[in-house]
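Novice: Below is one structure. I have some questions about it.
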Amino acid sequence: MEAHNFAKKFAKFNDYWSPKIVGELNDSYVKLAKLKGEFVWHKHDNEDEMFLVIKGNLTIKLRDRDIHLQPGEFTIIPKGVEHLPIAKEEVHVMLLEPKTTLNTGDAENSGLTQKQLDCI
């Protein structure tokens, strides 16, 4: 058990759309990721996913509306809901999701899937 600092953790990596594991909570990973640009439409059939914005502004497109998140705000995307994260500028997020969650969900053939996550 120790204190963790977001700025120090985010300074350890520069790649986008490649979540890093920073902790475990029961059957879930606590992940940090830097996002920039547009990801891919996808859904997670068996897992909910929480996005907490630490820095920047994130838009998560849904099929019927958009969710706009600013620093300090979060949303939970329920399992089975298609979504498309978009970051016009670099965004830092914390993700809380089950250990089984692939970052691309059902879009595993998108070329963006990260099957082996680094721990930082």
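The values are calculated or read from the model by the stated rules, or taken from the named source; none is laboratory data. It should be emphasised that the depicted structure is a prediction, and the values quoted were computed from it without experimental measurement. Neighbour counts are summed over all protein chains in view; Cβ atoms, including those assigned to glycine, are modelled from backbone coordinates with ideal geometry.
Novice: Looking at region 1-29, which of the residues that are under 20 Å from PRO98 (Cα atoms) and aliphatic (A, V, I, L, M) is surrounded by the most Cβ atoms within 10 Å (Cβ to Cβ)?
Specialist: Selected residue: VAL22.
Novice: Something else: Could you figure out which of (1) of a type outside the set (Gly, Ala, Ser); (2) closer than 13 Å to GLU89 by Cα; (3) under 12 Å from the mean Cα position of the chain (by Cα) isn't true of ASN57?
Specialist: (3)
Novice: How about region 80-119: which of its residues are at pLDDT below 95, part of a loop (DSSP other than H, G, I, E, B) and surrounded by fewer than 14 Cβ atoms within 10 Å (Cβ to Cβ)?
Specialist: LYS99, THR100, GLY111, LYS115, GLN116, ASP118
Novice: Additional query: Tell me which residues, restricted to region 44-79, are crowded, with 17+ Cβ neighbours inside 10 Å and part of a loop (DSSP other than H, G, I, E, B).
Specialist: Those that are crowded, with 17+ Cβ neighbours inside 10 Å and part of a loop (DSSP other than H, G, I, E, B): HIS44, GLU47, GLY56.
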